[in-house]
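Every number in this text was worked out from the coordinates using simple rules, so none of it is lab data. Please read these numbers as outputs of a predicted model, since none were measured by experiment. Cβ atoms come from the backbone with ideal geometry, glycine included; neighbour counts cover every protein chain shown.
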Amino acid sequence: MKIKILGSHGSDLFYSQKGESHRCQCVGFLVNDHLLVDAGTVASALDLEGQTRIDHVILSHLHLDHIKGLPPLVDNRVGTNGQPINICSIPHVLDGLKTHIFNEIVYPNFFTLPKGEPPYLQASILTEGKDTLLGDIRVTPIHVNHTVPTVGFLIQDDQSAWIYSGDTYQTEELWALAARIPNLKGAFIETSFPNEYENLAKESKHLTPKLLVQEYQKIGKPELPLYVFHLKPQFREQIANQLHDLSLPSLSILQEGQEVEI
Ligand SMILES: [Zn+2]
Ligand SMILES: [Zn+2]
């Protein structure tokens, strides 16, 4: 599987410090050009042709940094004669999108537009613990521990599998499943705050580098490549230093524009 990193941060920020500048963008990972994993960033990272290739979007939860790319994506697709975009998640997320975003107040209801024709968006319910085939990729949502109903995902094809944490604090089920997958090739785990903000991490149900290593070790596969994402951009350097200090050779921090082959 080819995973293109459209956004890898926990917020948007044009980061400029000590002569280094970088455009940090909210989370969005594009798998094999057709499946989007969370939609924090889409339209600002892909040309129109790339956006028309997206068939399915799986969403971990309703927080804005994971869904805010959807309105511009669907807007840009109008007039491109593509199929509806299949938005897949747990009922809480699908209901929330319709109630709070595509509600004819914040944005038009693209789940019903255009009238009398196939809509631009369609909703597909994912059931926790049950796998669903989307194209040639199989996804399984697993409950994780965040402030709102949230799932991580096991994502696999015939050759390989990887795990995506979504936003999470200390959790169990996702790691227990990861431990049982023989061809698991990577763990993509969020780390939002530096160690000094452990209280905030606990309240907002996110991880710090110290908490990350405890969660990663629950998988019980010390060689498993660990890809860290969802750094809050203003703490980018501080978190990166603390991740480096963990001395985990399998650890890397995901960057916008990067491609990972799993
Ligand atoms: Zn988030
Ligand atoms: Zn969140």
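Figures for the structure shown
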read-out: Two-decimal ratio, the range 41-174, of alpha-carbon radius of gyration to 2.2 N^0.38 Å; value: 1.06
read-out: Relative contact order for the chain, counting Cα pairs under 8 Å that sit 6 or more residues apart, in percent; value: 18 percent
read-out: Alpha-carbon centroid distance for the pair the range 8-82 / the range 173-208, whole angstrom; value: 22 Å
read-out: Given charges at Cβ of Lys, Arg, Asp, Glu: the chain dipole, positive-most of N145, L243, Y15; value: N145
read-out: Ranking of K205, K218 by count of other Cβ atoms within 10 Å, fewest first; value: K218, K205
read-out: Computed Rg/Rh of the chain, alpha carbon atoms with Kirkwood Rh; value: 0.96
read-out: Counting DSSP beta bridges with both ends in the range 2-261, the antiparallel % (nearest 5); value: 55 percent
read-out: Ranked list, fewest to most other Cβ atoms within 10 Å of each Cβ, for K185, K232; value: K185, K232
read-out: Peptides 219-229, 83-93 ordered by average Cβ neighbours within 10 Å, highest first; value: 83-93, 219-229
read-out: Trypsin sites (Lys or Arg not before Pro) restricted to DSSP loop in the range 80-163 with at most 14 other C-beta within 10 Å; value: K115, K130
read-out: For the range 127-142 versus the range 95-121, the gap between their alpha-carbon centres in whole angstrom; value: 24 Å
read-out: Overall dimensions of the range 131-247 by Cα: Rg and Dmax, Å; value: 14.1, 43
read-out: Within the chain: Cβ-based charge dipole about Cα centre, in debye rounded to nearest 20 (Lys, Arg +1; Asp, Glu -1); value: 140 debye
read-out: Net charge over other residues, Cβ less than 13 angstrom from the Cβ of S44 (K, R count +1; D, E count -1); value: -2
